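**Student:** Take a look at the following structure, please.
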Amino acid sequence: MNPDDFEDFADYLTALAVELDRYADVPNDVLEDIVRRDGSCMWLNSTGDAPDWTGDDLTDRELAAVICAGCTAKLACLELELRTAGPFTLGVWGALSEDDRRALYAIWRARRTARNGGEQR
């Protein structure tokens, strides 16, 4: 799924929240294991091989696109960040910038609350 496939970015975020529903019952420790084992950013940090950046002027969104392109842990990473940081998210997680994740959080939270019969978990 790619934001460019949607006419409106809000529609993309809604579709992304629907995709994240599959992780609703996955425990945090399992998500952490997935991200640590398969995350592109973890490989980047553990190998010490910095990618060739186009310059120091990359926005968060551009940086996320570069690091997270093709990452198999992208959705698990995003789910974990939404659970643990919520609207106070910082940095680049799940190929989304902070502002994008904050916008997604409201949609994601509403879906989870509805799923849990109005209870926030």
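Every number in this text was worked out from the coordinates using simple rules, so none of it is lab data. If you're wondering where the values come from, they're calculated on a predicted model, not measured in any experiment. Every residue, glycine among them, receives a Cβ derived from its backbone with ideal geometry; neighbour counts consider all protein chains shown.
**Student:** Tally Lys and Arg at +1 and Asp and Glu at -1 over the other residues with C-beta under 11 Å from the C-beta of G94: what net charge comes out? Walk me through the intermediate numbers first.
**Tutor:** Details: positive: K74, R101; negative: E19, E79, E81, D100.
That sum, taken over residues with Cβ under 11 Å, equals -2.
**Student:** Using the Karplus curve 6.51 cos²θ - 1.76 cosθ + 1.60 with θ = phi - 60°, what ³J(HN,Hα) values do you get for each residue of segment 15-22, in whole Hz, with x for Gly and Pro?
**Tutor:** Residue by residue, segment 15-22 yields 4, 5, 4, 5, 4, 5, 4, 5 Hz.
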